[in-house]
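Notes follow once the structure below has been shown.
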Amino acid sequence: MGTVTLGVSISVPEPYGSLLQERRTGFGDPAAHGIPTHVTLLPPTEVDAGALPAIEAHLASVAAAGRPFPMRLSGTGTFRPLSPVVFIQVVEGAAACSWLQKRVRDASGPLVRELQFPYHPHVTVAHGIAEDAMDRAYEALAEYEAAWTCASFALYEQGADGVWRKLHEYDFGGGIQGVPAQGSPVDEPATTL
């Protein structure tokens, strides 16, 4: 059956998503056209294609235990020099994103994996491009602001053409075990990269 490359993320809604994708393209990031604007919950992960039904059931369970929460983006940050990334900061909703990503990668589920860097929710606007273009992205979006109520996350598959396509959207179900309110303690704090 082969393998597929999956990712799980929170979509940045319109009009913000398209605007940031256009800006990312404008900074010269060649991957921008194939990556919908998002906050990652599970980075690109190769899995056996036969595991997809179990993965979808797991993600439905994670979503059922969550509830909508406020998301707010404000200003830029960077992971340079450790990683060539400029991003928009998640200034509200970070604790909820951390809660979700831990449950997506839960040791009892089908998407267990170690992360290359400690989890830090963000929206990438430039990745792996020339330093001057990274500087331009950092400055151009320094005053950027966006806010919405996050009510779902999605499963994506990366095609052979490098484009990420949504397979399924998972709405939060407001179950007994909910996403912690902003500022509530989580298992461990998000750290810089």
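Every number in this text was worked out from the coordinates using simple rules, so none of it is lab data. Note that the structure is predicted; figures quoted are calculated from it, not measured. Neighbour counts are summed over all protein chains in view; Cβ atoms, including those assigned to glycine, are modelled from backbone coordinates with ideal geometry.
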Simple SL model, points at 7 angstrom along Cα→Cβ for Asp132 and Ala147; separation in nm is 3.8 nm
In a Gaussian network model of the chain with springs linking alpha carbons closer than 10 Å, the residue among Thr124, Thr37, Thr25 that fluctuates most is Thr25
FRET efficiency for Lys166 and Glu114 from the Cβ-Cβ distance with R0 = 25 Å, rounded to 0.05, comes out at 0.50
When the chain is treated as a Gaussian network with springs between alpha carbons less than 10 Å apart, the largest mean-square fluctuation among Val125, Val47, Val39 is found at Val47
Listed with the fewest Cβ neighbours within 10 Å leading, Tyr156, Tyr16 appear as Tyr16, Tyr156
For segment 119-151, listing GluC sites (Glu not before Pro) in a DSSP loop whose Cβ sees at most 11 other Cβ atoms within 10 Å gives Glu143
Given a Förster distance of 22 Å, the FRET efficiency implied by the Cβ-Cβ spacing of Glu14 and Ser83, rounded to the nearest 0.05, works out to 0.20
GNM on the chain, Cα springs under 10 Å; top mean-square fluctuation among Gln116, Gln89, Gln101 goes to Gln116
Shape call for the chain, from the Cα gyration tensor axes a ≥ b ≥ c (a/c under 1.5 means rounded, otherwise prolate when a/b beats b/c, else oblate), comes out oblate
Measuring from the longest principal axis of the C-alpha atoms of the chain, the long axis of helix 52-64 (C-alpha) lies at a number of degrees, nearest 10, equal to 80 degrees
Sparse-neighbourhood loop hits (trypsin sites (Lys or Arg not before Pro), segment 83-163; DSSP loop; Cβ within 10 Å at most 16 others) -> Arg113
With only helices counted (DSSP H, runs n ≥ 4, each -39500 (n - 2.57)), the per-residue ellipticity at 222 nm for the chain, to the nearest 500, works out to -7000 deg cm²/dmol
For the chain, longest principal axis from Cα atoms; helix 16-26 axis from its Cα atoms; angle between them, nearest 10 degrees, is 50 degrees
